[in-house]
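Working notes, structure below.
The values are calculated or read from the model by the stated rules, or taken from the named source; none is laboratory data. Only a predicted model underlies this, so the values are computations on that prediction, with no experimental measurement involved. Heads up, the Cβs are rebuilt from the backbone with ideal geometry, glycines too, and the neighbour counts pull from every protein chain shown.
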Amino acid sequence: MAKAEDYLRSFGMSGLQISDDLKNVEARFGIALGHTDLGGGQAGSYYPQFDEIIRAQANEMAAHYELFYCLEQSIRQLIISALFDKASSEWWSQTVPPKIVEDVEGRMQRERDSGFSLRSDQEIDYTNFGELSVIITSNWDVFGAIFSSKRAVERIMSSLNLLRGPIAHCSPLADDEVDRLKLTVKDWFRAMS
């Protein structure tokens, strides 16, 4: 019986090695060999109709989007947590600058008027990245205990806002900007006390 288990284990490991080798060939030569699922449902049926170069760029940009998505959502959660501790359930109305509150109300109303599903029931999900920076810096009495320097936070958030543009608007990032994104994310976590 141990013989059959060894064969099965060997077969599974060989399949993993072949799959990994195919991924390396795809990355090295910029080709899609079709060994992985490219998406299910209706969207998946359209995917092969797009140019192979665009699909490769999309695959590469997906990792940058995922990183930025995680970062932006974690910043929102940090803001909620810190300002909730300061002002309880009234944190939005009591700690967020009035201009941001007004702009967010307008965005939420436009979304309601569109007839589409609302993206969220939390106002902070309607803020843009620049506004997140303003919320942090205008509440430095709270965030000064979390970050080592207000100026560092402003610089990092400004850099992240610039890097966000190509990611959010489906433009490829240059290699230097990929490096800059990774370093800026490291800077963000380093700025935390």
Just one of 127, 137 is closer than 19 Å to residue 187 by Cα and among the β-branched types (Val, Ile, Thr); which is it?
-> 137
Out of (1) assigned to a loop (DSSP other than H, G, I, E, B); (2) farther than 20 Å from residue 100 by Cα, the one residue 163 does not meet is (1)
Can you confirm whether the range 134-155 contains a residue that is aromatic (Phe, Trp, Tyr), surrounded by fewer than 17 Cβ atoms within 10 Å (Cβ to Cβ), at negative phi and in contact with a helix residue (DSSP H, G or I) (Cβ under 9 Å, 6 or more places away or on another chain)?
-> yes
Pick from the range 154-193, criterion under 19 Å from residue 74 (Cβ atoms) and hydroxyl-bearing (Ser, Thr, Tyr), ranking: modelled with the lowest pLDDT = 193
Please work out which one of (1) within 24 Å of residue 104 (Cα to Cα); (2) in contact with a helix residue (DSSP H, G or I) (Cβ under 6 Å, 6 or more places away or on another chain); (3) of a type outside the set (A, V, I, L, M) is the condition residue 172 fails and give its number.
-> (1)
So which residues in the range 166-176 are in a loop (DSSP other than H, G, I, E, B) and loosely packed, with under 14 Cβ neighbours inside 10 Å, if there are any at all?
-> 169, 170, 171, 174
Residues being more than 22 Å from the chain's Cα centre (by Cα) and free of Cβ contacts under 8 Å to residues at least 24 places away in the same chain: count how many of those fall in the range 112-140.
-> 6
Evaluation of residue 42 against (1) modelled with pLDDT of 85 or more; (2) exposed (fewer than 11 other Cβ atoms within 10 Å of the Cβ); (3) polar (S, T, N, Q) (one fails), failing number = (1)
Search result, residues across the range 74-114 that are exposed (fewer than 15 other Cβ atoms within 10 Å of the Cβ) and acidic (Asp, Glu) | 85, 90, 102, 105, 113
